[in-house]
Each structure stands twice: as C-alpha cells, then as structure tokens.
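Below: the structure, in structure tokens.
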Amino acid sequence: MHNTKGYAALSATTPLVPFSFHRRDPDPEEIEIQIQYCGVCHSDVHQARDEWAGTTFPCVPGHEIVGRVAKAGSRVRKFKEGELAAVGCMVDSCRVCEPCKSGEEQLCDLGPVWTYNGQDRRHGGATYGGYSESIVVDESFALRLPKRLDLAASAPLLCAGITTYSPLRHWKVGNGQKVGIVGLGGLGHMGVKLANAFGARVVLFTTSPGKVKDAIRLGAKEVVISKNESEMKKHANSFDFILDTVAAPHDVNAYLELLKHDATMTLVGIPDKPHAVAPFSLVAKRRQLAGSLIGGIRETQEMLDFCGEHGITSDIELIPIQKINEAYDRVVKSDVKYRFVIDMKSLV
Ligand code: NAP
Ligand code: ZN
Ligand code: ZN
C-alpha cells in the first residue's frame with residue numbers, strides 16, 4: 001500500500017482539490033501504471049457535480065488513462081515493466097454473466113466496476129480514477145497502446161474513442177452511408193473522425209457556428225447549425241444512422257425526423273433529464289431510438305489498433321491539473337477543442 005497524490009471532488013458543489021489516498025500493491029495478475037496523461041470527459045463533470053445522483057465523495061475522476069507499467073505482478077503476461085498501458089472506464093466485471101462471457105463487460109449483469117465512483121468487488125472500498133499519479137488494475141482490464149500515436153492525444157481514445165467506435169461498428173456504419181453526428185465535443189469529434197474513416201458521408205450537427213471550419217477539417221462533408229429549422233428540414237428522411245453525443249437536454253425528435261425508414265439514432269450523450277420522445281417521430285417510418293455504452297475490452301483493443309493503423313488520435317488541449325476546475329467550466333460551455341487532457345507531471 002502506498003500514498004498516492006491526486007485531485008478529488010469532496011462534494012457536488014465544491015471545486016476539485018488536491019487529495020491523497022492509498023493505492024494497494026498489485027496482486028499477481030495486476031499491474032501498477034504510472035499515469036502520464038488523463039483525459040477529461042464530460043462524464044467526469046456530471047459525476048463530480050453529482051448530476052446523475054449516485055456519486056460517493058470524495059470522488060477522484062478520470063477514465064482516459066495512459067502511462068507506463070511501473071510494477072507487474074508475478075502472473076502478468078500481457079505487460080512488462082516500462083511498457084505503455086492504458087485504462088478506460090472499467091477496471092473489473094463479474095466475468096461469468098452472458099455479456100461478460102461474450103466480451104461485452106460494459107454490459108455486465110451486475111454492472112461493471114467503474115474506474116472511479118465504483119466499488120472494488122475483490123478488495124472492497126471505493127475506486128479512484130485517473131486524476132492521480134498511479135492506478136492498479138487487473139491486466140485483463142488494461143489495454144495496449146499503439147506505439148506510433150502521440151501519447152497525450154491517445155488518452156481520449158479510452159472513452160471518447162471507444163464510445164463512438166462501438167456504436168458505429170454495431171450499427172455497421174460504412175461506405176456510401178449518410179451518417180449524422182450530433183455535437184462537436186470530445187465524443188462528437190471522435191465520431192466524425194471514425195465515421196469518416198469507416199467510409200461514411202458525415203454530416204455534423206452543432207449549436208456552435210464557430211466550430212464549422214473545424215468540423216470540415218476533422219472529416220465532416222457538411223455542417224448543419226441545428227438551431228436553424230429550415231436547414232434541418234432539408235435533411236428530412238435522409239440519414240442511415242445518427243449518433244447523438246449531446247450532454248445537455250435537447251429535442252431528440254428534430255433528429256429522429258431526419259432518419260430514413262427503419263434507420264436508427266443512437267444516444268451516447270447522457271443529460272441529467274429524460275428526453276421527451278414524440279411517438280410519431282418513431283412510428284411514422286418504423287425508426288429506432290437506441291443507446292450505447294462505451295465498449296468491451298476486446299473491442300476497445302480493436303479500436304486502439306484501428307487508430308494506430310490509421311493515425312487517429314484526439315485533438316487536445318493539454319492542461320496542468322491545477323486548471324481542472326477552469327476546464328470543467330469550459331466543457332459545460334461547449335468551449336473545448338476538442339478534449340482537455342491533464343499532464344500528470346503537473347501533479348507535485
Ligand atoms: P462535451 O465534450 O461537452 O461535448 C458535448 C457537446 O454537446 C458539446 O460540445 C456541444 O456541441 C453539444 N451540446 C452541449 N450542450 C448542448 C445543448 N444544450 N444543446 C445542444 N447541444 C449541446 O462532452 P463529451 O465528453 O463528448 O460527452 C458527451 C456526453 O456523453 C456526456 O453526457 C457524457 O456523460 C456522455 N458519455 C457517454 C458515454 C457512454 O458510454 N454512453 C461515454 C462517455 C461520455 P456543439 O457545440 O457542437 O453543439
Ligand atoms: Zn468518459
Ligand atoms: Zn458480468
């Protein structure tokens with residue numbers, strides 16, 4: 001056991017502050033990762049501010065974790081000390097239920113053990129995330145990073161990357177399809193890059209006119225300002241698939257109306273209030289509204305390897321951890337280009 005420095009929210013209404021806690025020594029099948037970079041996800045903000053009701057304080061957020069293996073337990077096979085390693089949103093699951101057995105640990109019937117704000121099933125106690133010096137994790141929940149990618153810009157792949165990759169693959173997005181991505185934030189900008197890499201014709205929906213140029217640079221063929229009703233209506237009944245990454249309440253019917261018959265819109269954004277779905281938006285053209293949660297470990301590795309082959313990383317703004325509260329405020333204002341990543345060297 002050793003003392004570990006980090007940053008934590010001590011309550012829903014106070015800023016994050018320096019916080020020290022204990023990390024256990026790795027078990028034989030676990031590794032300890034010295035964290036170099038950690039991405040800042042809007043889910044961190046939702047949970048640090050208890051917007052999903054269910055945060056246990058103190059809460060050390062962070063689930064886009066990359067670094068080097070500092071220690072490897074005696075039974076570890078996948079990693080050697082000194083190698084790069086990464087951790088996403090989960091650190092464990094029951095491993096025996098049907099979803100776990102089929103490699104969809106994120107869908108575990110008992111719920112996966114989240115990287116932070118979770119309960120450690122094997123050792124007891126709360127889990128603490130990546131806004132810290134180090135993390136201890138079972139090697140089967142740690143990921144291997146492609147060597148040629150910039151390390152800091154790879155961190156957001158562990159949540160924003162897999163959360164967009166998984167539904168795009170599940171709903172078989174590919175060549176010749178017209179695909180909408182709603183919201184150009186951390187998830188949205190990865191969605192644009194990945195859907196474009198899969199061969200789709202990407203249309204980006206944004207509330208921020210200032211992001212139009214960036215969306216085109218990132219791979220969108222067209223950008224629609226979603227507040228402009230007539231621009232929206234031009235796209236009625238034309239989309240094969242839409243991925244909604246928006247973090248705040250908004251009208252989902254306006255997007256459902258843009259789907260072709262039998263097409264699907266998938267929610268990955270998790271606002272703190274329920275959506276109002278107009279039945280006609282769905283029944284009129286047998287449309288489907290679905291949801292998706294990160295991705296399993298096998299698929300996360302597949303996504304990292306795909307990004308390695310195609311040179312895909314996140315567009316990031318690197319910050320010292322002392323700027324974390326400022327970064328949270330900017331995330332909430334949709335003023336992030338397009339993911340904040342914490343440089344853990346700043347944690348002294
Ligand atoms: P983010 O960087 O803040 O991006 C969200 C984007 O949504 C904003 O940049 C903005 O894009 C748009 N937006 C914000 N407020 C809006 C409003 N009132 N109306 C319309 N659009 C608005 O957040 P993120 O990190 O990408 O996360 C997005 C959401 O996904 C969060 O709710 C997060 O908790 C959730 N999430 C889910 C999963 C999962 O597994 N399902 C995983 C990670 C995150 P424009 O400026 O372009 O409009
Ligand atoms: Zn996340
Ligand atoms: Zn399970």
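The values are calculated or read from the model by the stated rules, or taken from the named source; none is laboratory data. This one's a predicted model, so the numbers in the text were calculated from it and none came from an experiment. Neighbour counts are summed over all protein chains in view; Cβ atoms, including those assigned to glycine, are modelled from backbone coordinates with ideal geometry. Protein only, heavy atoms only, side chains kept; ligands, DNA and RNA dropped before computing areas. Shrake-Rupley method; radii C 1.70, N 1.55, O 1.52, S 1.80 Å.
Sorted largest first, the spans of the alpha carbon positions of region 195-259 along the three principal axes are 27, 26, 23 Å. Excluding Ser314 itself, what net charge comes from residues whose Cβ is under 12 Å from its Cβ, given Lys and Arg +1 and Asp and Glu -1? After counting each charged neighbour, the total is -1.
Note on region 92-156: semi-axes of the ellipsoid equivalent to its C-alpha gyration tensor, largest first and rounded to whole Å, are 23, 17, 9.
Here the sum of -39500 (n - 2.57) over DSSP H runs of 4 or more residues, divided by the residues of the chain, equals -6000 deg cm²/dmol at 222 nm, to the nearest 500. Just the number, please: carbon plus sulfur as a percent of the accessible area of the chain, 1.4 Å probe, no ligands or DNA/RNA counted. In the chain, the share of accessible area belonging to carbon and sulfur is 53 percent. Solvent exposure of the chain amounts to 42 Å² per residue of accessible area, where only protein heavy atoms count and the probe is 1.4 Å. Shown for the chain is the translational diffusion coefficient from the Stokes-Einstein equation, using the Kirkwood radius over Cα pairs, a temperature of 37 °C and a viscosity of 0.692 mPa s: 161 µm²/s.
Looking at region 51-107, the trypsin sites (Lys or Arg not before Pro) that sit in a DSSP loop and have at most 12 other Cβ atoms within 10 Å of their own Cβ are Arg75, Arg77, Lys80. Translational D (Stokes-Einstein, µm²/s) of region 163-291 at 20 °C and 1.002 mPa s when Rh comes from the Kirkwood sum over C-alpha pairs? Estimated via Stokes-Einstein, D reaches 150 µm²/s. Please list, by residue number, every one of the chymotrypsin sites (Phe, Trp or Tyr not before Pro) in region 18-73 that is coil in DSSP and has at most 10 other beta-carbon atoms within 10 Å. The qualifying sites: there are none. When all alpha carbon pairs of region 1-67 are counted in 10 Å bins from zero, the resulting P(r) reads 20, 45, 30, 5 %. List, in the order given, every pair from Lys78/Lys172; Lys172/Lys211; Lys193/Lys221 whose Cα-Cα distance in the structure shown is over 22 Å. With Cα atoms farther than 22 Å apart: Lys78/Lys172; Lys172/Lys211. By the equivalent-ellipsoid construction on the alpha carbon gyration tensor, region 242-348 comes out with semi-axes of 33, 20, 11 Å, ordered largest to smallest. Among the trypsin sites (Lys or Arg not before Pro) within region 243-333, those in coil by DSSP and having at most 11 neighbouring Cβ atoms inside 10 Å are Arg286, Lys333.
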